[in-house]
Amino acid sequence: MIRRAITLSALAVLALPASANQFAFTGTAKGNGDTLLYQEVHRVDGHCAEGAFEPRSHSVNYRKGPGESPFATKQMSYENSSLRPDVDFRQPDFSEVMRITYPESDRLNIEWQTPSGKVEKYRVSFDERLVVDAGFDHLVRANWDKVTRGESVEFRFLGPTRGEHYGFVLEPTSNDQLNSDVVLRIRPTSLVLRFLVDPIVLGYNKDGALTEYLGLTNIRENADTNFTAHIRYEVEQYPDCELTP
């Protein structure tokens, strides 16, 4: 009986993912005049593979202030790719729901219940250059050596409310509003889009953790406009391995 118990226990341990752990951080979003807009509570579950953290799932609770009940939520799964998570975003105050799924390896589906109550559906073809939602964070880490050497990375970014993806570039920059070890920006490559879409500026620490975000958010200020915010992040728990390869 003792031998059997030890054997089953060993098999159970071998069945677990190697170094299963969590990356936890919180963002505080502020607007003009340093006004608190909301907080983001992030929990990323994953495992260590070859010394680097690989995400499996990511939950975000959006709160008006510390300890308050969430007014919006986002659930993401990275089963297909760290750059292209499945997404389930809900903001009940505006009756908004956004779902992104991948029925095929080169096609995604978008189902968006808009604040007006209308449901928009899109089928979008893509290739390996596509980045979806929080996948931008993992794009940065996957190209950490390049961006910290001053190089740029071109990619496609999904505009889910348009049912289309667009050319963007990730590149080093400087910005007086950010106080981070590494400062990057994401901007459109199209001259037309540059007039319509402001760049997003990102700050990272030396460990590869996101520390600041400056730009348009996915949280609604009203039925027609999303907040533009400066979000500062604090890490509560690092995974047991490195964030960058």
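The values are calculated or read from the model by the stated rules, or taken from the named source; none is laboratory data. If you're wondering where the values come from, they're calculated on a predicted model, not measured in any experiment. Methodologically, a virtual Cβ is constructed for each residue, glycine included, from the backbone with ideal geometry; neighbour enumeration extends over all protein chains shown. Remember, those area values only see protein heavy atoms, side chains included, never the ligands or the DNA or RNA. Shrake-Rupley method; radii C 1.70, N 1.55, O 1.52, S 1.80 Å.
Consider F53 against the criteria (1) touching a residue at least 60 places away in the same chain (Cβ under 8 Å); (2) in contact with a Lys or Arg (Cβ under 6 Å, 6 or more places away or on another chain): it satisfies all of them except one. Which criterion is unmet?
(2)
Can you give me the ranges of the strands (runs of 3 or more DSSP E) entirely in the stretch 154-245 with at least 1 residues that are open to solvent by 50 Å² or more (accessible area, probe 1.4 Å)?
On the way: elements: 164-172, 182-188, 200-204, 210-220, 226-237.
Ranges flagged: 164-172, 182-188, 210-220, 226-237.
Using the structure shown, decide if S116 is among the hydroxyl-bearing types (S, T, Y) and within 27 Å of G31 (Cα to Cα).
Yes: the conditions hold for S116.
Can you find a residue that is part of a helix (DSSP H, G or I), surrounded by fewer than 17 Cβ atoms within 10 Å (Cβ to Cβ), of a type outside the set (K, R) and in contact with a strand residue (DSSP E or B) (Cβ under 9 Å, 6 or more places away or on another chain) anywhere in the stretch 61-76?
Narrowing the stretch 61-76 to residues part of a helix (DSSP H, G or I): none.
Taking every residue of the stretch 61-76 in turn, none turns out to be part of a helix (DSSP H, G or I), surrounded by fewer than 17 Cβ atoms within 10 Å (Cβ to Cβ), of a type outside the set (K, R) and in contact with a strand residue (DSSP E or B) (Cβ under 9 Å, 6 or more places away or on another chain).
For P103, state whether it is more than 16 Å from T217 (Cα to Cα) and either under 15 Å from the mean Cα position of the chain (by Cα) or open to solvent by less than 50 Å² (accessible area, probe 1.4 Å) (or both).
Working: more than 16 Å from T217 (Cα to Cα): yes; either under 15 Å from the mean Cα position of the chain (by Cα) or open to solvent by less than 50 Å² (accessible area, probe 1.4 Å) (or both): no.
No; evaluated as a whole, the condition is false for this residue.
So A134 ticks every box in (1) under 21 Å from H58 (Cα atoms); (2) surrounded by fewer than 19 Cβ atoms within 10 Å (Cβ to Cβ) but one. Which box is left unticked?
(2)
I'd like the full set of residues that are open to solvent by less than 70 Å² (accessible area, probe 1.4 Å) and within 16 Å of I219 (Cβ to Cβ), limited to the stretch 77-100. Don't jump to the end; show me each part of the working.
Step one: filter the stretch 77-100 for residues open to solvent by less than 70 Å² (accessible area, probe 1.4 Å), giving 77-78, 81-89, 91, 94-98, 100.
The answer is V87, D88, F89, Q91, F94, S95, E96, V97, M98.
Of the residues T173, T211, T189, T217, only one is among the hydroxyl-bearing types (S, T, Y) and within 18 Å of P160 (Cβ to Cβ); which?
Answer to the selection: T217.
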